[in-house]
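Asks: What follows is a single structure, and I will ask about it in a moment.
The values are calculated or read from the model by the stated rules, or taken from the named source; none is laboratory data. Just so it is clear, the structure is predicted and the values come from calculations on it, not from any experiment. Don't worry about glycine lacking a Cβ; one is built from the backbone with ideal geometry, like all the others, and counts go over all protein chains shown. In case anyone asks, the SASA skips ligands and DNA or RNA and just uses the protein heavy atoms, side chains included. Shrake-Rupley method; radii C 1.70, N 1.55, O 1.52, S 1.80 Å.
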Amino acid sequence: MQLLEELTRAKESGEKKFAVLIDPDRARIKNMERLAMLSQEAGVDYFLIGGSLLVNNVLDDCLSEIKKHCDIPLILFPGDSYQLSYRADALLFLSLISGRNAELLIGKHVITAPYLKLSPLEIISCGYMLVDGGVPTTVSYISNTQPIPSDKDDIAVCTAIAGEMLGLKSIYLDAGSGAITPVSAEMIAAVSGAVEVPIIVGGGISTPEKAALNVRAGADMIVVGNALERDPLLVKELAHAVHTATTMSSI
Ligand code: 1GP
């Protein structure tokens, strides 16, 4: 089954997904085996691979190494058009709809579309919404865009509705890697109530409690990166919290 279809069906049945974000620059290739095995044991649903800025040329190696040790699907989460690899299974085709940088709304997409059309990757369109996480983020600086203020749920809702009306098949609410303040449950609930497509939430989620809260608020997929770089053993509790909150919310 294609990943988007899987996500959509999961949303319909109230089943929630947990993804681990790997920034190939920060992850050590030699640590990939352990992370892959811990993730497999914990029942992690996906790996997201990418970053706002990759300075080392290790994307292919990183993907190959993970694939060697587990069969969790690999989804590219590209910060730019150079972050492409056929070694992944799918690619989030991100349009930065919270910003007004034309290159990141449609420009890079035009350049990469013919290559992606020929690629074996599943292309999943995604309305990417950067939300203020209490600290300036790399993505905000690199993209030259302002995040949505964290208390402006109405802006987030209107942006998500517009993205869905434009045909985007998923929405990503991201407070940015290492956010001090993750996206609020109120904003997640507001956006979740306004659109039908799967909602991915990440940025600054560091505890199972916050992950579960977000799921109950309406997130369909939780993404965690930083907290697992600090403590990979947390993966079990985080995945469990997301999957268990599913059960509780669908009772
Ligand atoms: C960033 O949503 C991801 O784009 C994950 O953020 O690294 O803070 O978990 P963290």
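Asks: Return the only residue of Val157, Val139 being assigned to a helix (DSSP H, G or I), open to solvent by less than 40 Å² (accessible area, probe 1.4 Å) and at pLDDT below 95.
Replies: Val139
Asks: Yes or no: Ile180 among the hydrophobic types (A, V, I, L, M, F, W, C) and in a loop (DSSP other than H, G, I, E, B)?
Replies: For Ile180, the condition - among the hydrophobic types (A, V, I, L, M, F, W, C) and in a loop (DSSP other than H, G, I, E, B) - is met.
Asks: Here is a follow-up. Taking the criterion of being within 15 Å of the ligand (Cβ to nearest atom), in contact with a Leu (Cβ under 7 Å, 6 or more places away or on another chain) and closer than 26 Å to Lys11 by Cα, would at least one residue in the stretch 105-125 satisfy it?
Replies: no
Asks: Sticking with this structure for a sec: Do you know which residues across the stretch 53-94 are at pLDDT below 90 and of a type in the set (Phe, Trp, Tyr)?
Replies: Scanning the stretch 53-94 gives a single hit, Tyr82.
Asks: Just a yes or no: is a residue in the stretch 23-36 among the small types (Gly, Ala, Ser), away from the ligand (no atom under 16 Å from the Cβ) and touching a Cys at 6+ places or on another chain (Cβ under 8 Å)?
Replies: yes
Asks: Run Asn56 past the list (1) assigned to a loop (DSSP other than H, G, I, E, B); (2) within 28 Å of His243 (Cα to Cα) and report the number of the one that doesn't hold.
Replies: (2)
Asks: Restricting to the stretch 187-216, name every residue that is more than 15 Å from the ligand (Cβ to nearest atom), small (Gly, Ala, Ser) and not in a loop (DSSP other than H, G, I, E, B).
Replies: Listed by number, the residues that qualify are Ala189, Ala190, Ser192, Ala212.
Asks: Is the stretch 76-86 home to any residue that is within 16 Å of the ligand (Cβ to nearest atom), in a loop (DSSP other than H, G, I, E, B) and either open to solvent by less than 20 Å² (accessible area, probe 1.4 Å) or in contact with a Cys (Cβ under 7 Å, 6 or more places away or on another chain) (or both)? Working first, answer last.
Replies: Taking the stretch 76-86 first, the residues within 16 Å of the ligand (Cβ to nearest atom) are 76-80, 83.
From what's left, in a loop (DSSP other than H, G, I, E, B): 77-80, 83.
Next cut, either open to solvent by less than 20 Å² (accessible area, probe 1.4 Å) or in contact with a Cys (Cβ under 7 Å, 6 or more places away or on another chain) (or both) only: 83.
For the stretch 76-86, residues within 16 Å of the ligand (Cβ to nearest atom), in a loop (DSSP other than H, G, I, E, B) and either open to solvent by less than 20 Å² (accessible area, probe 1.4 Å) or in contact with a Cys (Cβ under 7 Å, 6 or more places away or on another chain) (or both): present.
Asks: Go through (1) assigned to a loop (DSSP other than H, G, I, E, B); (2) within 15 Å of the ligand (Cβ to nearest atom); (3) under 16 Å from the mean Cα position of the chain (by Cα) and name the single condition Ser150 misses.
Replies: Result: Ser150 fails condition (3) only.
Asks: How many residues does the stretch 100-120 hold that are open to solvent by less than 30 Å² (accessible area, probe 1.4 Å) and aliphatic (A, V, I, L, M)?
Replies: Residues flagged as open to solvent by less than 30 Å² (accessible area, probe 1.4 Å) and aliphatic (A, V, I, L, M) within the stretch 100-120 amount to 1.
Asks: Would you mind stating whether Glu237 is open to solvent by 60 Å² or more (accessible area, probe 1.4 Å), within 10 Å of the ligand (Cβ to nearest atom), assigned to a helix (DSSP H, G or I) and under 19 Å from Asp45 (Cα atoms)?
Replies: Considered against the rule, which asks whether it is open to solvent by 60 Å² or more (accessible area, probe 1.4 Å), within 10 Å of the ligand (Cβ to nearest atom), assigned to a helix (DSSP H, G or I) and under 19 Å from Asp45 (Cα atoms), Glu237 comes out as no.
Asks: Next question. So which residues in the stretch 167-186 are without any contact (Cβ under 8 Å) to a residue 60 or more places away in the chain and either more than 13 Å from the ligand (Cβ to nearest atom) or β-branched (Val, Ile, Thr) (or both)? Break it down into steps so the answer makes sense when it comes.
Replies: Within the stretch 167-186, the subset without any contact (Cβ under 8 Å) to a residue 60 or more places away in the chain is 167, 171, 173-176, 178-186.
Hits for the stretch 167-186 are Gly167, Ile171, Ile180, Thr181, Val183, Ser184, Ala185, Glu186.
Asks: Any chance you could count how many residues in the stretch 18-72 are farther than 20 Å from Ser206 by Cα, surrounded by 22 or more Cβ atoms within 10 Å (Cβ to Cβ) and β-branched (Val, Ile, Thr)?
Replies: Number of matching residues: 1.
Asks: Please find, among Ile97, Ile123, the residue that is under 19 Å from Leu7 (Cα atoms), modelled with pLDDT of 95 or more and surrounded by 13 or more Cβ atoms within 10 Å (Cβ to Cβ).
Replies: After applying the criteria, what remains is Ile123.
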